[in-house]
C-alpha cells in the first residue's frame, strides 16, 4: 500500500490497480485545493466541502463509489466499517464517521475530523489498527494532545497526522516524543513492516 497526503484531511491509498481516497477536498472548499485522483472508492467522514469532494475524487468517466456514513460495506475486496462519532468542525456539532478499512492486508483507521476521544465501544474492542490517520489541528477536530491520547488508547502501530499546520504539527510531535520526525513524500507499507511497532509517527508532506 502506498499512502500520499493531499492536504487538509485528504489521504490517498493505492495498492495494485485500486486507489481509494479519504476526505477528498471539494472545489467548494475555501481552505484547501480540490482533489483530482481517479479513485475507485471515496470515503467521506463529514459532509463539509473540505472533505466531501466525491466528484473531485473521480477523473473523466472514472467516478468513485462513495461511502458517506456509518454502516458495514464490502467493495473491491475491502471490508469496511463506518462508526458514528461527532465533530465540531465548522463550528456546529455534526456527525463524523470513523472508517475502519481492511486494504491490502492492512487495517486502516481513518478518523476524519473527529472531535472527541470518546469513541464507540465497537472501535475500542477492535484489534489495534495498523495505520491510524488522525486530525491534530483543533478547530472543532482533535487538538494535538487529544490526538496523541487517542493514538495511545487505540495502540495504533503507525500514526499519520492530518489537518495540521506548522504549529499544531510541532506540538503533536512533541506530545508523541517524535520531534525529529521528517516529513516524507509518501509511505510505502506492507503488513510485515508494522510488526512490533506502536505509535510510530509518520508525517506525510501535502
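Remarks
- Based on the convex hull around the alpha carbon atoms, the stretch 79-150 presents an average projected area of 4.5 nm².
- The stretch 6-70 - Rg and Dmax from Cα coordinates, angstrom: 10.4, 33
- For the stretch 114-154: rounded, prolate or oblate by the Cα gyration tensor [a/c cutoff 1.5]: prolate
- Three-way shape call for the chain based on the alpha-carbon gyration tensor, with the a/c threshold at 1.5: rounded
- Structure remark: mean-square fluctuation, Gaussian network model of the chain, C-alpha springs under 10 Å; the largest value among 45, 87, 29 belongs to 29.
- From least to most packed, judged by other beta carbons within 10 angstrom and beginning with the fewest, 181, 168 follow the order 181, 168.
- Whole-number percent relative contact order across the chain, with pairs defined as alpha carbons under 8 Å at least 6 apart: 17
- Label-point separation, residue 88 to residue 72 (7 Å along Cα→Cβ), nm: 3.4
- With the simple spin-label model, which puts each label point 7 Å out from Cα in the Cβ direction, the residue 186 to residue 2 separation comes to 0.2 nm.
- Whether the stretch 103-206 is rounded, prolate or oblate, judged on the alpha carbon gyration tensor where a/c under 1.5 counts as rounded: oblate
Bear in mind these aren't lab numbers, they're just calculated from the coordinates by the rules spelled out. In this text, all values refer to a predicted model and were calculated from it rather than measured experimentally. A quick note on method: Cβ atoms are made from the backbone with ideal geometry, for glycine too, and the neighbour counts reach across all protein chains shown.
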